[in-house]
Amino acid sequence: MAKPAVIVVGADKGGVGKTTVSRTLLDYFSANNVLTRAFDTESPRGTLKRFHPDITEIVDMTTTSDQMKIFDTLNAVSPSVTVIDVRAGLLSPALASLRDIGFLDAAKSGQITFAVFHILGPSIASLDEIAETSSFMGGARYFLVKNFINDTQFFQWDQATYNSYFHRIKDATDLVIPKLNEMAYEQVEVASVPFLKFVANKGISDEAANYSFVLRGYVRHWLANVWSEYDRIKLTDIVGSTKPSSRGGEK
Amino acid sequence: MRHTPVYIVCSPRPLVGKTLVARLLSEFLLLKSGEVSAFDVNLKEPSLLEYLPDITETAEVDDTFGKMALMDRVIVDDGVAKVIDLGFHAFDEFFKMTEEIGFVKEAVRRGVVPVVLFVGDTDRVSARSYPTLQRQIPPSSLVTVDNEYIVRGELPQAFSAGKILRIGALPTFLKTYIDRLSFSFTDYLRSEKDSSTELHQWIRRNYFSFRELELSLILQQS
C-alpha cells in the first residue's frame, strides 16, 4: 500500500485562487484514477465542497478535533491522497500546527508524502509570504504556484524583484496556472460542477447539461494546460500512484 | 447521412474578395436548399449584411460573448448551411479561438463539416497565415480561393498543393455592376434570358464550382 500523501493548498493572502487550484488537483487525480479525499477549511461555508461534495468534508483546522479528523485517519482510510484547501490567512498557522503535532517530522522521515502548493497572487504582499512559508518546508515538496488571475507578469519585467522571490528558495519548484477566460470561469461557478464535468457537458449528477460549446472549449484548453504542469512535476509519482496509460476526461 | 456545412470565408488581407465569395456562396446555397444562415464578422470592409440582409446577421469575435453567440450557433447540426464572412481584422483572433476551443474536432463529433475558403494573395501576411490554417484544418476542408482579379497570375506555390476554387476576373464595368447593393446573382440568372452573356456564364461557372466542392465533401463523408 502506498504511503499516505497530503497536499496542502493555501496562501495567507485571499483572492489568489486557492480553491480553483484545489479543484484542478481533484479533477487531475480523478482523471488519473487516484482515490482522493479533500478537506475544505472554509468553515462553515465551504466553496470546495460545493464543487466536489462527494469527497469533501468541511473542517475547522484551528480545532484539535478537526485536526485529528484529518491527520489521525491518514493511514486508516482508503484514499491515499488527501488534499487540504486551506483558507486565506490560515496557511502559516496551519503549518505551525503541523510542526507542533510532529507531522512535519513524519514527512521529513519519509513516513508521509507531504506537498505544499503555495498559491501566489500578483502582489508583493503575496510574494512576501514565501520566506515565511519556506521555513516550514524541511520535509515537504514546496511548489510556488503562480496563479495568473489576471494579465500579470509576476514582476518578471523587474529581474531583481523577481529573483528575490523566485530564485531565493533553493528547493522550491515553480508552477504556472494560466488565466482562465472570465466568462468560462463564471459559467462553471454558476454550474457548480467540477471542471471535468463542465467540459463533458454534464450536471452534478452526470445528467446532460447545455453549457456553451465555446466556454467548454476554453475550460478544456485551460485544464489541459494546468494538467500539463502537474504532469511536468510528475504529480502522480509524487503521491505514489502508478499512472495509467490513458486518463479519463481528456478525450 | 446528413451533415451541416459551415463555410468560413477568410483572408488576413483586406479587399481580396471575401465578401464577394461569401455572397456568391450564400446565394448558391439559398438557391439549392432554400435556407442558409450567414454571419458577417466584417466591420471594416464592404459588408455581407448590406448585400444579403434577409439571411445575414452580424457577429463579433472581439469578446467572449460575441464568440459564444457565433460559435454556439454554427456548431449545431441543424441541416442549415452556414457561411461566415470573416473580416481580415478578425482572422487571427478567430482561428486562435477555434484552435483553443477545439472547434474542428467537436464539429466532426457533431456532424458539422467546417470548410475554410482561404482567399489567397501574393503578400507575406497571407503566406504567413496559411500554415496557421494548415495546422488546424484538415487538407480536405481547406480550400484556397484563387481570385483572378486579385492574384493576376499563378497562385503562390504554398497555396497550390491543396484544393483550389477559381474565381475568374470580370471586366471592370461588370464588377461595378455586381458590386451594387441591389444586385443578386440568382435574380440575374433568373431574369436574364440570354445565357451567353459573360456575367451569366461567370455566375454559372462559380455556382458549378460550389456544387463540385459540395460533392467532394459529400464523397469524403460517405
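The values are calculated or read from the model by the stated rules, or taken from the named source; none is laboratory data. Every value quoted in this text rests on a predicted model; they were computed, and no experiment measured them. When we count neighbours, we look across all protein chains shown, and the Cβ atoms used for this are built from the backbone with ideal geometry, even at glycine.
Where in the stretch B:1-112 are there helices (runs of 4 or more DSSP H), lying wholly inside it, with at least 3 residues that are under 29 Å from B:Ile218 (Cβ atoms), more than 14 Å from chain A (Cβ to nearest Cβ) and among the small types (Gly, Ala, Ser)?
Values: elements: B:18-33, B:48-51, B:64-74, B:91-101, B:103-110.
So the answer is B:18-33.
Among the residues that make up the stretch B:118-140, is at least one of them within 14 Å of another protein chain (Cβ to nearest Cβ), within 16 Å of B:Cys10 (Cα to Cα) and part of a strand (DSSP E or B)?
no
Of these, A:Asn163, A:Asn150, A:Asn181, which one is within 21 Å of A:Asp27 (Cα to Cα) and either of a type outside the set (A, V, I, L, M) or in contact with a Pro (Cβ under 8 Å, 6 or more places away or on another chain) (or both)? Steps first, please.
Numbers: A:Asn163 fails: within 21 Å of A:Asp27 (Cα to Cα); A:Asn150 fails: within 21 Å of A:Asp27 (Cα to Cα).
Testing whether each residue is within 21 Å of A:Asp27 (Cα to Cα) and either of a type outside the set (A, V, I, L, M) or in contact with a Pro (Cβ under 8 Å, 6 or more places away or on another chain) (or both) leaves just A:Asn181.
Of all residues in the stretch B:178-202 being assigned to a helix (DSSP H, G or I) and more than 21 Å from the chain's Cα centre (by Cα), which is nearest to B:Glu148 (Cα to Cα)? Outline the logic, then answer.
Start the filter on the stretch B:178-202 by keeping residues that are assigned to a helix (DSSP H, G or I), which leaves B:178, B:185-191, B:198-202.
Restricting the remaining residues to those that are more than 21 Å from the chain's Cα centre (by Cα) gives B:190-191, B:198.
Details: B:Arg190: 26, B:Ser191: 27, B:Glu198: 15 Å.
That would be B:Glu198.
Scan the stretch A:217-244 for residues that are small (Gly, Ala, Ser) and part of a loop (DSSP other than H, G, I, E, B) and report the count.
Residues that pass the stated criteria total 2.
Here are some residues: A:Pro122, A:Pro178. Which one is farther than 22 Å from A:Ser80 by Cβ and within 14 Å of chain B (Cβ to nearest Cβ)? Write out each step before concluding.
Values: A:Pro122 fails: within 14 Å of chain B (Cβ to nearest Cβ).
So the residue among A:Pro122, A:Pro178 that is farther than 22 Å from A:Ser80 by Cβ and within 14 Å of chain B (Cβ to nearest Cβ) is A:Pro178.
Is at least one residue of the stretch A:151-159 surrounded by 14 or more Cβ atoms within 10 Å (Cβ to Cβ) and in contact with an Asp or Glu (Cβ under 7 Å, 6 or more places away or on another chain)? I'd like the intermediate steps shown before the answer.
Going residue by residue through the stretch A:151-159, those that are surrounded by 14 or more Cβ atoms within 10 Å (Cβ to Cβ) are A:152, A:154-155.
Those left that are additionally in contact with an Asp or Glu (Cβ under 7 Å, 6 or more places away or on another chain): none.
No - not one qualifying residue is present in the stretch A:151-159.
Does B:Val41 satisfy being closer than 18 Å to B:Asn206 by Cα and either of a type in the set (D, E, K, R) or within 13 Å of the chain's Cα centre (by Cα) (or both)?
no
Among the candidates A:Ala200, A:Ala191, single out the residue that is more than 14 Å from chain B (Cβ to nearest Cβ) and over 21 Å from A:Arg232 (Cβ atoms).
Values: A:Ala200 fails: more than 14 Å from chain B (Cβ to nearest Cβ).
Checking each option against the conditions leaves just A:Ala191.
Going by what's in this entry, would B:Pro139 be described as under 23 Å from B:Phe94 (Cβ atoms) and modelled with pLDDT under 95?
Values: under 23 Å from B:Phe94 (Cβ atoms): yes; modelled with pLDDT under 95: yes.
Taking the combined requirement at face value, the residue satisfies it.
Has the stretch B:76-83 got any residue that is in contact with a Pro (Cβ under 7 Å, 6 or more places away or on another chain), surrounded by 18 or more Cβ atoms within 10 Å (Cβ to Cβ), under 24 Å from B:Phe28 (Cβ atoms) and not basic (Lys, Arg)?
For the stretch B:76-83, residues in contact with a Pro (Cβ under 7 Å, 6 or more places away or on another chain), surrounded by 18 or more Cβ atoms within 10 Å (Cβ to Cβ), under 24 Å from B:Phe28 (Cβ atoms) and not basic (Lys, Arg): present.
Is one or more of the residues making up the stretch B:151-168 of a type in the set (Asp, Glu) and either without any contact (Cβ under 8 Å) to a residue 60 or more places away in the chain or farther than 28 Å from B:Pro12 by Cβ (or both)? Show your work before the answer.
Residues of the stretch B:151-168 of a type in the set (Asp, Glu): B:154.
Still in the running and either without any contact (Cβ under 8 Å) to a residue 60 or more places away in the chain or farther than 28 Å from B:Pro12 by Cβ (or both): B:154.
Yes, because at least one residue in the stretch B:151-168 is of a type in the set (Asp, Glu) and either without any contact (Cβ under 8 Å) to a residue 60 or more places away in the chain or farther than 28 Å from B:Pro12 by Cβ (or both).
Give A:Arg45, A:Arg87, A:Arg37 a once-over and let me know the one that is within 15 Å of A:Gly17 (Cα to Cα) and of a type in the set (Lys, Arg).
Among A:Arg45, A:Arg87, A:Arg37, only A:Arg87 is within 15 Å of A:Gly17 (Cα to Cα) and of a type in the set (Lys, Arg).
Could you say whether any residue in the stretch A:63-71 is acidic (Asp, Glu) and in a loop (DSSP other than H, G, I, E, B)? Outline the logic, then answer.
Keep residues of the stretch A:63-71 that are acidic (Asp, Glu), which gives A:66.
The next check asks that each one be in a loop (DSSP other than H, G, I, E, B); those that pass are none.
There is no residue in the stretch A:63-71 that is acidic (Asp, Glu) and in a loop (DSSP other than H, G, I, E, B).
Out of (1) at pLDDT below 95; (2) over 14 Å from A:Leu25 (Cβ atoms), the odd one out for A:Lys202 is which?
For A:Lys202, the exception is condition (1).
Does A:Val214 count as more than 12 Å from chain B (Cβ to nearest Cβ), part of a helix (DSSP H, G or I) and closer than 29 Å to B:Phe95 by Cβ? Walk me through it before giving the result.
Details: more than 12 Å from chain B (Cβ to nearest Cβ): no; part of a helix (DSSP H, G or I): yes; closer than 29 Å to B:Phe95 by Cβ: yes.
Against the criterion (more than 12 Å from chain B (Cβ to nearest Cβ), part of a helix (DSSP H, G or I) and closer than 29 Å to B:Phe95 by Cβ), A:Val214 does not qualify.
Among the candidates A:Phe117, A:Phe136, A:Phe154, which residue alone is within 14 Å of A:Lys18 (Cα to Cα) and either without any contact (Cβ under 8 Å) to a residue 12 or more places away in the chain or not in a helix (DSSP H, G or I) (or both)? Working first, answer last.
Values: A:Phe136 fails: within 14 Å of A:Lys18 (Cα to Cα); A:Phe154 fails: within 14 Å of A:Lys18 (Cα to Cα).
Answer to the selection: A:Phe117.
Say we look at the stretch B:119-160 and pick out the residues that are among the polar types (S, T, N, Q) and more than 26 Å from B:Lys175 (Cβ to Cβ); which of these is surrounded by the most Cβ atoms within 10 Å (Cβ to Cβ)? Walk me through how you get there before you give the answer.
In the first step, residues of the stretch B:119-160 are kept if they are among the polar types (S, T, N, Q); the result is B:122, B:126, B:129, B:132, B:134, B:136, B:140-141, B:144, B:147, B:157, B:160.
Cutting the leftovers down to more than 26 Å from B:Lys175 (Cβ to Cβ) gives us B:132, B:134, B:136, B:140-141, B:157.
On the way: B:Thr132: 15, B:Gln134: 16, B:Gln136: 18, B:Ser140: 15, B:Ser141: 24, B:Gln157: 8.
Checking each candidate, the answer is B:Ser141.
Select from the stretch A:1-28 the residues that are among the aliphatic types (A, V, I, L, M), assigned to a loop (DSSP other than H, G, I, E, B) and touching a strand residue (DSSP E or B) at 6+ places or on another chain (Cβ under 6 Å) and list them in ascending order.
Step one: of the stretch A:1-28, the residues among the aliphatic types (A, V, I, L, M) are A:1-2, A:5-9, A:11, A:16, A:21, A:25-26.
Subset that is assigned to a loop (DSSP other than H, G, I, E, B): A:1-2, A:11, A:16.
A:Ala11, A:Val16 - these are the residues of the stretch A:1-28 that are among the aliphatic types (A, V, I, L, M), assigned to a loop (DSSP other than H, G, I, E, B) and touching a strand residue (DSSP E or B) at 6+ places or on another chain (Cβ under 6 Å).
Could you tell me which residue of the stretch A:157-169 is farthest from the other protein chains (Cβ to nearest Cβ), considering only residues that are assigned to a loop (DSSP other than H, G, I, E, B) and more than 21 Å from the chain's Cα centre (by Cα)? Before the answer, list the steps.
Our first condition is that a residue be assigned to a loop (DSSP other than H, G, I, E, B); within the stretch A:157-169, this holds for A:157-158, A:167-169.
In the following step, the residues that additionally are more than 21 Å from the chain's Cα centre (by Cα) were identified as A:157-158, A:167-168.
Numbers: A:Trp157: 24, A:Asp158: 29, A:His167: 32, A:Arg168: 35 Å.
The qualifying residue farthest from the other protein chains (Cβ to nearest Cβ) is A:Arg168.
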